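Have a look at the structure below before the remarks.
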Amino acid sequence: MPFEQKYTPETREASLARVLERREAEPGNRAIIRETAEEFEVGEQSLRGWIRVHEKLTTPEPEAAPEAAAAADEPAPEAVAAPEAPVRRGRPPASAAADSRVAELEAEVAKLRRDRETLKSALAVLLSE
C-alpha cells in the first residue's frame, strides 16, 4: 500500500513560505520552525524536511576549482564519493566563502586519491618486473 500524503501541497507551501519569511524578519529566533509547525498544525520534522528540500533546490552549486576541472578530464580509477556535509544543528549556515573553500578542498582530496591510486599501480608494475 503506497504512503498516503498527510499534508496538502498548499499547507506545505504556506508553512514553508512562512518559515522563510520569518527567518528574514527574525534571523536570531531559533523557535521559528517549532512555532510555524504549531501554527499550521504540521509535524516539526516534516517542516524541517520541506525546508531541507527547498534549500537544496535553491542553493547554487559552488564553482569547481581549476584543479578539479583539469582532473575531470582524467579518467578516475574508481569513483570517490564525497561524504555528505555534517548537519549543523543550532548554528547559522556556513558562509559562501567557506562553502567554496570546502569545495576546493574536496576537489583536491579527490585528485590526491586518484594520484595515489596511479602511484600504487605504477609501483605494482615496477615490483612485478
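Filtering region 28-39 to residues that are more than 25 Å from residue 97 (Cβ to Cβ), surrounded by fewer than 16 Cβ atoms within 10 Å (Cβ to Cβ) and either in contact (Cβ under 8 Å) with a residue 40 or more places away in the chain or hydrophobic (A, V, I, L, M, F, W, C) (or both) leaves only 31.
Each row is one residue, and each column tells you yes or no for (1) over 30 Å from residue 29 (Cα atoms); (2) at pLDDT 65 or above; (3) acidic (Asp, Glu).
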| site | (1), (2), (3) |
| --- | --- |
| 53 | no, yes, no |
| 60 | no, yes, no |
| 80 | yes, no, no |
| 100 | no, yes, no |
| 120 | yes, yes, no |
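The values are calculated or read from the model by the stated rules, or taken from the named source; none is laboratory data. The structure presented is a predicted model; accordingly, all values stated were derived computationally and were not measured. Cβ sites come from the backbone with ideal geometry, for glycine too, and all protein chains shown count toward neighbours.
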